[in-house]
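Since the structure comes first, as C-alpha cells, the remarks are kept for the end.
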Amino acid sequence: MTRIELTQGVYWVGVVDWNLRDFHGYTTPRGGTYNAYLIVDEKIALVDTVKSGFASEMISRIKEIVDPSKIDYVVSNHVEMDHSSSLPDIMKIAANAELLCTEKGKEGLLRYYRSNWNFRTVKTGDELKLGKKTLYFITAPMLHWPDSMFTYLKEDKILLSNDGFGQHLSSSFRFDEDVCSLLGYECDTVMDEAAKYYANILMPFGGVILKKIEEIQKLGIEIEMIASSHGMIWKNPGKIIDAYINWSKGVSKQKVLVIYDTMWNSTEIMAGEILRGVADSGIEVMLLHLRRNDWSEIVKEVLEARAILIGSPTLNNGIFPTVGGFLTYLLGLRPKNKIWATFGSYGWAGGAVRAVNDRLKSSGYEPAESLEVNFRPDDADMAKCYSLGQKIASLVRAG
Ligand code: FEO
C-alpha cells in the first residue's frame with residue numbers, strides 16, 4: 001500500500017467506500033471515504049477509525065507504518081458509527097491505549113460498545129504532547145452531534161475536523177487540489193460535494209458553525225490544512241472556510257426553485273408557467289419534480305437559492321404525500337433567508353396549499369404568495385401563474 005503522508009509523521013490511514021450509495025438516507029452517487037489519521041512521534045496516536053467492515057483495511061494501513069499494538073492514544077472525535085465502529089477492533093490490538101474523547105463522547109461510546117476502555121475525557125484547551133507534536137482539543141457540540149470535537153495538530157497546523165468540512169466523495173486522490181488538477185481539466189467536484197454535504201447534514205447548525213469559526217479565530221489557531229473524516233483533505237482550507245461562513249449566514253444567489261409534484265399534470269402545468277414568468281424576468285430558475293429528482297440534490301440547490309416555491313395537488317383534502325415528506329425533510333434542515341411561495345391545483349375541494357402554508361408558518365416561514373387553481377388551469381389561471389413567477393423574480397431581484 002502507498003503511504004499517504006500529510007506532513008512528516010502524519011498519515012492518512014482511512015478507507016475509500018467506493019460502493020457507498022446511501023448514507024442514512026442521503027444519496028451518495030460518488031461513494032465516500034472514512035478518514036482516520038495516524039500521528040507518529042515519540043508516542044503514537046490514532047485519530048478516529050472507520051466504519052465496521054473496513055477495520056482490517058485500516059489496520060493493514062497502520063501496519064505499513066507502525067505496529068498497531070504500539071499505539072499509545074486513540075482519539076475519538078465523534079461517536080457516530082462511521083467513525084467509531086472499528087474502535088472495538090483497534091482497542092483490542094492496542095490494548096494499553098488511552099481513549100480520548102469528550103465527556104459526551106464517553107457517554108455515547110459506553111452506550112454503543114459497553115466496553116471497559118481506558119477513557120480520558122478532554123475539552124477545549126486540553127493538550128496532549130506526543131513528543132515534538134502536540135494535539136490540541138476543541139469541543140464542537142452539535143457539529144453535528146453533542147459529543148463532536150476537533151483535534152488540532154499544533155506544530156503542523158492541521159485541523160482534524162471529523163465531520164466538519166467533509167464531502168461524500170470517493171476518489172483515488174486524497175487531496176482537494178488533486179481531484180481536478182491531476183485530471184487536467186477544471187471542475188468543482190469537491191466543492192459541489194461539500195455543498196451537498198453541508199446542505200443535507202450541517203444546514204441546521206449554521207449559527208453554531210459561525211460561532212465555532214469565530215472561537216477558533218479568537219484562539220489564534222492558524223490552519224494550513226483541514227483533514228476531515230470524509231472525502232478529500234483540504235490543502236487550501238481558506239476556500240472551504242469562506243464557503244462555510246457564507247452558507248452559515250444564508251448568503252444566496254439570485255436563483256428560484258420550483259419544487260412540486262403532480263397528479264394529473266395541473267400542478268405541473270402551473271409549475272411550468274410560473275417558471276416561465278421567472279425566467280422571462282431574467283432570473284435563474286430550476287424546475288424540480290419530487291419523484292424525478294433526488295431529494296439530497298434538491299436540498300443542495302436549496303442551500304444557495306433565494307426563493308423556494310412549493311407546489312402540491314390536493315389529495316384527500318391535504319398535501320400530496322411526496323410533498324409532505326419532502327417538507328418534513330427540508331424544514332428539519334431549517335433553511336435560512338428564503339422567499340417562500342406556494343401553489344397547487346385541486347378538484348372538488350382545496351386543502352393542499354393551505355396545509356403547505358400551515359407547515360411553513362409553523363416552522364417560522366411566511367409565504368410571500370400563494371395560488372390555487374381548480375382542476376385544469378385556464379387562460380386566466382395561466383396568467384396568474386406567469387404573474388406569480390414575475391412577482392417572485394422581482395422579490396429576488398430586490399434582495
Ligand atoms: Fe461522519 Fe456524524 O458521522
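Here the condition is being at positive phi and modelled with pLDDT of 95 or more; of N317, N337, it holds for N337 alone. Restricting attention to segment 151-167, the residues being more than 15 Å from the ligand (Cβ to nearest atom) and within 17 Å of D72 (Cβ to Cβ) number 1. Restricting to segment 343-399, name every residue that is open to solvent by less than 60 Å² (accessible area, probe 1.4 Å) and among the acidic types (D, E). Within segment 343-399, E369, D381 meet the criteria. Residue count for segment 276-296 under the criterion of being charged (D, E, K, R) and surrounded by 15 or more Cβ atoms within 10 Å (Cβ to Cβ): the result is 2.
The requirement of being charged (D, E, K, R), farther than 24 Å from G206 by Cβ and open to solvent by 10 Å² or more (accessible area, probe 1.4 Å) is satisfied by E268.
Yes/no per residue for (1) within 16 Å of the ligand (Cβ to nearest atom); (2) at positive phi; (3) modelled with pLDDT under 95:
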{"site": "S229", "(1), (2), (3)": "yes, no, no"}
{"site": "W247", "(1), (2), (3)": "no, no, no"}
{"site": "G250", "(1), (2), (3)": "no, yes, no"}
{"site": "T262", "(1), (2), (3)": "no, no, no"}
{"site": "E268", "(1), (2), (3)": "no, no, no"}
{"site": "R276", "(1), (2), (3)": "no, no, no"}
{"site": "I283", "(1), (2), (3)": "no, no, no"}
{"site": "R292", "(1), (2), (3)": "no, no, no"}
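Restricting G31, G53 to residues that are surrounded by fewer than 20 Cβ atoms within 10 Å (Cβ to Cβ) and in contact with a His (Cβ under 8 Å, 6 or more places away or on another chain) narrows the list to G31. The number of residues in segment 56-84 that are open to solvent by less than 10 Å² (accessible area, probe 1.4 Å) and more than 10 Å from the ligand (Cβ to nearest atom) comes to 7. In segment 201-247, what count of residues is obtained for those that are part of a loop (DSSP other than H, G, I, E, B) and closer than 23 Å to V50 by Cβ? Total meeting the criteria: 5.
For segment 85-104, a residue qualifies if it is in contact (Cβ under 8 Å) with a residue 24 or more places away in the chain, away from the ligand (no atom under 16 Å from the Cβ) and farther than 20 Å from T124 by Cβ, and the qualifying residues are P88, D89, I90, M91, I93, A94, A95, N96, A97. Against the list (1) away from the ligand (no atom under 13 Å from the Cβ); (2) open to solvent by less than 30 Å² (accessible area, probe 1.4 Å), the condition S148 fails is (1).
Of the residues that make up segment 115-123, is at least one open to solvent by less than 30 Å² (accessible area, probe 1.4 Å), at pLDDT 95 or above and either within 16 Å of the ligand (Cβ to nearest atom) or outside the structural domain of G231 (by TED's automatic domain parsing) (or both)? No: zero hits.
The values are calculated or read from the model by the stated rules, or taken from the named source; none is laboratory data. Quick caveat: nothing in here was measured; it's all calculated off a predicted structure. When we count neighbours, we look across all protein chains shown, and the Cβ atoms used for this are built from the backbone with ideal geometry, even at glycine. Heads up: the accessible areas ignore ligands, DNA and RNA and are worked out on the full protein's heavy atoms, side chains in. Shrake-Rupley method; radii C 1.70, N 1.55, O 1.52, S 1.80 Å.
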